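Encoded as structure tokens, the structure appears first; notes follow it.
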Amino acid sequence: ATYNWTAYLQLAQLLQDAGLEWQVELSFHECGGNVGDIVNIPLPQWVLAVGETNFDIFYRDRWRGYNSEYLSLGVDRQPLFGGRTALELYEGVMRSFVSAFAPYLGGTITQVKVSLGPAGEMRYPSYQLRYGKWRYCGIGEFQCFDKYMLASLEREAEALGQPSWGHPPYNAGHYNSAPCETEFFTQGRTNNFESPYGRFFLTWYSRMLMQHAESMVRTARRVFSASGVGIAVKVAGVHWWYADMSHAAELTAGYYNTNGHDAYLELAKLFSLIDVALDFTCLEMTNLQEGTCHS
């Protein structure tokens, strides 16, 4: 593939001339529709063209709605893009960047942040502002209804000897539900988040996101190994419903932070092993700033 870095190379030279450093973000996500977005930059048209005949390259909710902010991790290893997988597309961009910006790497360019999901964050698009699907402080929805992720879930359940578990929850409410309005996120209910089925599903759902993140950062670490730049990722600060026993909003985003799991400690351990910096949004907030929604 051929990438046009002309404008970015001009910026790199201006920064170098001014003696400034640059922390680059390789954005594999759409810009637009999230908090603070004032422009709209979609995924490349040649990627979206594949989605015109196969919506399942994108994350989908249980209503079969799709979100084109970021490719589903279900296609990480599916050769759907001119014979290339999504992971190969991401690696191709990284290698092109290293080649084009070699004179600036380790000097002007000190760090590269790798986009792992919508808004560049390591998460599922569970809370979607676009199209009015979600408003604060809804719990969001699980995003694993594309055919590739559903097939993975089915295989996982069958391998465990529990084929009836091979589906996402259908009792988890909708984007703007509160935890107590759902069966899945309420304690003591059938097939809830604490049940054997719930634990199985949440383990699979969060592990798939972890595996995607690990594949991406290991690729970045390998591609940039001789460049002298640091690698970073961004984790979302899903603070609403944190004080609820279910941690529902975190669960739909892919952070398994209940049932004795510490999602953020697990992430920190993973990224520290690969020598990757962790940017955590909303850490600057205080309880006094956000006293609603059981934050």
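The values are calculated or read from the model by the stated rules, or taken from the named source; none is laboratory data. Note that the coordinates shown come from a computational prediction; the quantities given were computed from them, not determined experimentally. Neighbour counts are summed over all protein chains in view; Cβ atoms, including those assigned to glycine, are modelled from backbone coordinates with ideal geometry. Surface accessibility is based on the protein's heavy atoms, side chains included, excluding ligands, DNA and RNA. Shrake-Rupley method; radii C 1.70, N 1.55, O 1.52, S 1.80 Å.
Observations on the structure shown:
- Residues of segment 231-265 satisfying the condition of being of a type in the set (Gly, Ala, Ser), in contact with a helix residue (DSSP H, G or I) (Cβ under 8 Å, 6 or more places away or on another chain) and part of a loop (DSSP other than H, G, I, E, B): Ala236, Ser246, Gly254
- Of all the listed residues (Thr281, Thr219, Thr292), the sole one being touching a helix residue (DSSP H, G or I) at 6+ places or on another chain (Cβ under 6 Å), of a type in the set (S, T, N, Q) and either open to solvent by 40 Å² or more (accessible area, probe 1.4 Å) or touching a residue at least 12 places away in the same chain (Cβ under 8 Å) (or both) is Thr219.
- In segment 78-121, the residues that are of a type in the set (D, E, K, R) and farther than 22 Å from Glu52 by Cβ: Glu91, Arg95, Lys113, Glu121
- Among residues that are at pLDDT 95 or above, among the charged types (D, E, K, R) and in a loop (DSSP other than H, G, I, E, B), Glu214 is not included.
- Residues of segment 53-78 that turn out to be touching a Phe, Trp or Tyr at 6+ places or on another chain (Cβ under 7 Å) and assigned to a helix (DSSP H, G or I), as a count: 4
Every residue, every condition in (1) under 21 Å from Arg60 (Cβ atoms); (2) not small (Gly, Ala, Ser), yes or no:
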| residue | (1), (2) |
| --- | --- |
| Pro163 | no, yes |
| Pro168 | yes, yes |
| Ser177 | yes, no |
| Glu183 | no, yes |
| Gly188 | no, no |
| Asn191 | no, yes |
| Glu194 | no, yes |
| Phe200 | yes, yes |
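- When Ala249, Ala213, Ala172 are checked against the criterion of being in contact with a Cys (Cβ under 9 Å, 6 or more places away or on another chain), crowded, with 21+ Cβ neighbours inside 10 Å and touching a residue at least 40 places away in the same chain (Cβ under 8 Å), a single residue qualifies: Ala249.
- Residue list for segment 192-210, restricted to those being more than 21 Å from Ser72 (Cβ to Cβ), out of contact with any Phe, Trp or Tyr (no Cβ under 6 Å at 6 or more places or on another chain) and surrounded by fewer than 20 Cβ atoms within 10 Å (Cβ to Cβ): Glu194, Ser195, Pro196, Arg199
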